[in-house]
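Visitor: Sharing a structure with you now.
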Amino acid sequence: MATATSLRKHLSVTDGFVLYTSAVLGQSLIVLPSIAARQAGPWSILVWIGLAAVSYPVARIMAELGARYPSAGGVIAFISQGLGQRVGWLTGTLYLTAIAVGGPATALVFAEYLGQLVPLPGASRFIVAAALLGLLVVGTCFDVSRIMRVQRWGFFGCLAAITVALLLAVPHVTTARLTDVSGYTLAGVGSTGLICFFAFVGWENAAFSGEEFADPRTLVKALGLAVAAVGVLFTLLGVTVVGALSRSVIASSDATLADLTRLSLGLLATRVAAAIAVLLLLLFMFTWARAATRLIYALARDGLLPAGLARIHAASGTPRGAALALAIGWGVALIAQYVFDVSIEAYIQLSSGAFLLTYVLILLAAWRLLFARRWLPALVIASLAIGALVVAGYQSLWYALAAAVLFALAMAIRAALTGPRRDLTPRPPLSEGEGELVSSGRGAA
């Protein structure tokens, strides 16, 4: 079988936009607007606007670092530069542990929505989830250019359908509902902000495809469009949910899209909303599957994982060994979820905790690598936002901390068996001139 040593450079600004937005949208868009409206009412609209504004500094930092250090390893590349290779490897490990449990949980959510389109026996949802995970793994093994083309058109079709659903719901919005803030407390608004922040988690995902852009600065160019689109979409959803749906509907349902489309389409709404949700989840999960295979490939190339996982299939331009490793990890996690009857919510919570800890490491590296004064406001805002989430979600961090302890033990055993290996010494912060050299492809990747 023919193999290559590097990933194919084939991604454009449009592809960057799709990778960013499809990584952020998904379960968040399907259920969070209803949850936010239930807890904060009209105040949730201001929460969405505020979070859209706050998410930009976080996303901009990640895009800048991804452009300066383009790598299939995504965030582990610039974390290795700022904090050392072992910390970079730890970050990659945390990402894999997050995706390992997040994938099966999301696949089961997919099965639930598919059940609204096609009758499924109760026990078959795990079979559907396994089939979906297998389909995603197989999809990452096909020609990268063709798969990206399919993903691009599928995403824009889904975005168009959501836009139509929103436009059909706008005539049902009333001023009375938008201004009725009775019964909502400051505590409810605060908790809503913490919940809704996870709707904007995922901006780092496109960095895992950084090596596949001919110009790494494409990441930064695509970011502005993606943040604007996601912010506008969530804000409009907040307005239509609060302004068009009654309090009784908001109190009893999390099916945001179904509730909105039912206003205009009646009983047909459930099937339409389910179809949109199925496509959204499919695109969301494929983006994460793609990122996971690139991360496994990069960790194998760097020497943490077996070298065979770093082989690139020449014809398709994909790391098929890495895809197989992802399939094994997902299989183990799904079997564990079935055998021990782990809830979807528990897996999602564990995944979110692992992602949150990686954000802490990302920001620590950013403080070292982006030292110029113009980055200070973004770093301060991002750090305050992540710090608030850590305080609020500390109970979900045990899984990530356990993974970190196991990683440290594995590194100690590795050193004892093979002798200590030289760690990558963190580089001094780049000057703006050096950053430009890196961005143009002449710096370290």
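Visitor: Among Q39, F340, A63, which residue has its Cα positioned farthest towards the positive end of the charge dipole of the chain, with +1 placed on the Cβ of Lys and Arg, -1 on the Cβ of Asp and Glu, and the dipole taken about the Cα centre?
Guide: Farthest along the dipole direction, towards plus: A63.
Visitor: Computed on alpha carbon atoms, what radius of gyration and Dmax characterise the stretch 220-356, expressed in Å?
Guide: Every Cα atom of the stretch 220-356 included, Rg and Dmax give 20.1, 57 Å.
Visitor: I'd like the GluC sites (Glu not before Pro) in the stretch 204-305 restricted to DSSP loop residues with at most 13 other Cβ atoms within 10 Å, sorted by number.
Guide: none
Visitor: Taking springs between alpha-carbon atoms closer than 10 angstrom, which of V332, V220, V241 fluctuates most in the Gaussian network model of the chain?
Guide: Of V332, V220, V241, the Gaussian network model singles out V332 as fluctuating most.
Visitor: Would you work out the charge dipole size for the chain about its Cα centre, treating the Cβ of every Lys and Arg as +1 and the Cβ of every Asp and Glu as -1, and quote it to the nearest 20 debye?
Guide: Here the size comes out at about 700 debye.
Visitor: A follow-up question, please. Ratio to report: Rg/Rh of the stretch 131-224, with Cα atoms as the point set and Rh obtained by the Kirkwood method; give two decimals.
Guide: Taking Rh as the inverse mean 1/r over Cα pairs, Rg/Rh reads 1.10.
Visitor: Another one. Build a GNM of the chain with springs between Cα atoms under 10 Å: which of G353, G387, G88 gets the top mean-square fluctuation?
Guide: Highest fluctuation among the options: G387.
Visitor: In what sequence do V232, V239 fall when counting other Cβ within 10 Å, fewest first?
Guide: V232, V239
Visitor: Same structure, new question: Given an 8 Å cut-off on Cα distances and at least 6 residues of separation, report the relative contact order of the chain as a percent.
Guide: Across the chain, relative contact order equals 36 percent.
Visitor: Report which label in [x] 1.18; [y] 1.11; [z] 0.96 holds the value of Rg/Rh (Cα atoms, Kirkwood Rh) derived from the coordinates of this structure.
Guide: [z]
Visitor: Let me check I've understood the local charge: for V150, count other residues with C-beta under 13 angstrom from its C-beta, Lys and Arg +1, Asp and Glu -1. What total comes out?
Guide: Result for the neighbourhood of V150: +2.
Visitor: How far apart, in nm, are two points set 7 Å out from the Cα along the Cα-to-Cβ line at T174 and at A229?
Guide: So the two model labels end up 3.5 nm from each other.
Read-outs: derived from the displayed coordinates by stated rules, not from any lab. Every value quoted in this text rests on a predicted model; they were computed, and no experiment measured them. Neighbour counts run over all protein chains shown; Cβ positions are idealised from the backbone, glycine included.
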